[in-house]
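Working notes, beginning with the structure itself.
Nothing in this text is a laboratory measurement; each read-out follows from the coordinates by a stated rule. Note that the structure is predicted; figures quoted are calculated from it, not measured. Heads up, the Cβs are rebuilt from the backbone with ideal geometry, glycines too, and the neighbour counts pull from every protein chain shown.
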Amino acid sequence: MRQKIRTTLQQTHLQKILLLFTLLISSLYSFGQQDLEKELTNTNPVHEKVFATFKDTKLINSHTNETIHKNELEFKVDHRFGDIGGSNGGIKQFFGLDNSTDVRIGFDYGISDRLSVGLARAKGATAVQQLYETSIKFRLLEQTTDDYIPFAVTLFGSNTIAAVHASDDPAAATAYRKFTDRMNYVTQIIFARKFNSNFSFSLTPGYLHSNFTAFRDQNDLFAIGAGARAKISKRMAIVVDYSIPFRNRADKEYLEQTSGVKFYNPLGVGLEIETGGHVFHLNFTNAAAIEEMQYISQTTSSWLKGQYRWGFSIARRFSFNKKETRQ
Amino acid sequence: MKTLKNKLLLLLGICLLTMHVHAQDIFISKNAAVSFFSSTVMEDIEGKSTTASSVINAKTREIIFKVSNTSFQFKKKLMQEHFNENYMESDRFPFSKFSGRITDDTDLTKDGNYTVNVEGNLDIHGVTKPYQCKVTLLIAQGIITAKTAFKVKIEDHQIKVPSLVFKNIAEFVEVRLSAVYQAKKT
């Protein structure tokens, strides 16, 4: 009996050695030609940043998480025409093309790859007009391809000053008494994720503050925005954005009664064409204004009444990086 | 029983030894450099990566060179974005790869300066094309330094250039490779 156990033990021992042996031989074979490429592991850098979640710093109305790269300048023109349909549209106004509700000309410059600053002038769509906007945008987090960071976070802040002549009507939105009354602030946190090469989504909670408003209008307003971009070809994409301002119901009803207008949530739908250096947007939106401080809170035209307009934007990037000398 | 065990151990030892010798044939370069130039009247474009990797089997004279497309750095960041998004489509084709063989009988274990012919396949943008180029090799004390340059016709690899920027991107792009190989450590 004992002898038998001993032999089996020896046998298992032998088997173990044989196994080791075959393993070694197989590892030896793995050095063969086909596996030469296996020597090249870890060629992809870890936590690689996702590029081009969106193609421009803005979708239609809303900001994206994108900023301008270092030493690059973006020149951008935004234009919104008049209502296509409704009481102010139709063939008489040539479907809105006779009017322009807002025009914005802006410059954005990249101080670093994460920080950019902007300066813009907009006409302004409400009584609050002749707007000068200074803005700052900072990439707090960037999404990585391995989902180590699953989404991007960008902070946006702006100060818009209305240069319009002060109104004598004390209830008007422009009855400014001192310079600081003309200031409006916007703070937004932009969360964005590129789900795949064809689809990106953004969510933008924001806070708007106006130092002076029309009687019973809100000085402080929270809002949330959502945006998406879906590629339809290599250089074309459909872009959509929507914002919900959280207005106080009593004040909203009062304002709607006294001014005879209704507030609507701004919705934009557009086509984005990217040509390498230029980004064109052809869009339709019910928002008459372009600046954050106006389009989010002061949109009083409705898609359902035909009060949407054609708009476009043209963005051109210039690089001020010195050319590298060829060796 | 004991003698059998000894014999097996001896075999094992021999195996390990041969494996060691075998591994000596593998030369690896971890920080190989790839750069490319596109030069037109309108614009000069240059991309550079220093994180490519390459491996040579000195015995079979096989060579593989691989680079991550997103590792290319450009002076203009917007170009880098366009390079990945519109031209290389890096999310679909993350790597560019050359795999081939040195066709000369050069002994890669002997020190010296050599110019060798390399033949193989170049895979860019998911399209593989046969290529042939001359490579200069400097071998000294077990370290191989390799350098080469060749031209790639971007149309060959189905990289489409829209007519609007056709004048900004050259038809042929000059590619330069350089790598320093060290014997694989066992």
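Averaged over A:276-287, how many beta carbons belonging to a partner chain fall within 10 Å of each residue's beta carbon? Let's see the in-between values first.
On the way: counts 13, 7, 2, 0, 0, 0, 0, 0, 0, 0, 0, 0.
Taking all residues of A:276-287 together, the mean is 2.
With a simple spin-label model that places each label point 7 Å from the Cα along the Cα-to-Cβ direction, the separation between A:ASN196 and B:LYS184 comes to 3.6 nm.
The label point for A:ASN321 and the one for B:VAL165, both projected 7 Å from the Cα toward the Cβ, are 1.3 nm apart. Each label point was placed 7 Å from the Cα along the Cα-to-Cβ direction; for B:THR40 and B:ARG92 their separation is 2.2 nm.
Counting only other chain Cβ atoms within 10 Å of each residue's Cβ, the peptide B:77-88 averages 5.
Rounded to the nearest 500, what is the 222 nm mean residue ellipticity of chain B from helices alone, with -39500 (n - 2.57) per DSSP H run of 4+ residues and division by all residues? The partial results should precede the final answer.
On the way: 2 runs with 28 residues, N = 186.
The helix contribution divided over chain B gives -5000 deg cm²/dmol.
Summarising the amide proton neighbourhood of A:LEU59: residues at separation of 5 or more, or on other chains, whose placed amide H is nearer than 5 Å comprise A:THR64.
Under 5 Å from the amide H of B:GLN73 lie the amide H atoms of B:LYS48, B:SER49, each residue being 5 or more positions distant or on a separate chain, with H modelled from the backbone and absent for Pro and chain starts.
Any chance you could give the angle, 0 to 90 degrees and rounded to 10, that helix A:2-29 forms with the longest Cα principal axis of chain A? Roughly 50 degrees between the two axes. Rounded to the nearest whole Hz, the Karplus-based 3J(HN,Hα) values (6.51 cos²θ - 1.76 cosθ + 1.60, θ = phi - 60°) of the stretch B:39-48 follow the sequence 10, 9, 4, 6, 7, 9, 10, 9, x, 9, with x at glycine and proline.
Per-residue Karplus couplings for the stretch A:77-92, computed as 6.51 cos²θ - 1.76 cosθ + 1.60 with θ equal to phi - 60°, are listed in order as 10, 10, 9, 10, 8, x, 4, 6, x, x, 5, 9, x, x, 5, 4 Hz, Gly and Pro entered as x.
The H on the amide N of B:ALA170, modeled in the peptide plane, is under 5 Å from the matching H of B:SER39, each at least 5 residues off or on a different chain. Scoring A:180-186, B:53-59 by mean Cβ neighbours within 10 Å over their residues and listing the highest first yields B:53-59, A:180-186.
The chymotrypsin sites (Phe, Trp or Tyr not before Pro) of the stretch B:29-72 include none that meets both conditions, a loop assignment by DSSP and at most 10 other Cβ atoms within 10 Å of the site Cβ.
Helix B:2-23 sits at what angle to the longest principal axis of chain B, using alpha carbons and giving 0 to 90 degrees rounded to 10? For helix B:2-23, the angle is close to 30 degrees. Estimated purely from DSSP H runs of n ≥ 4, each contributing -39500 (n - 2.57), the mean residue ellipticity at 222 nm for chain A is -4500 deg cm²/dmol once divided by its residues. Phi angles of the stretch A:241-253 translate, via the Karplus equation with coefficients 6.51, -1.76, 1.60 and θ = phi - 60°, into HN-Hα couplings of 8, 8, 10, 10, x, 8, 7, 5, 4, 4, 5, 5, 5 Hz per residue; Gly and Pro are given as x.
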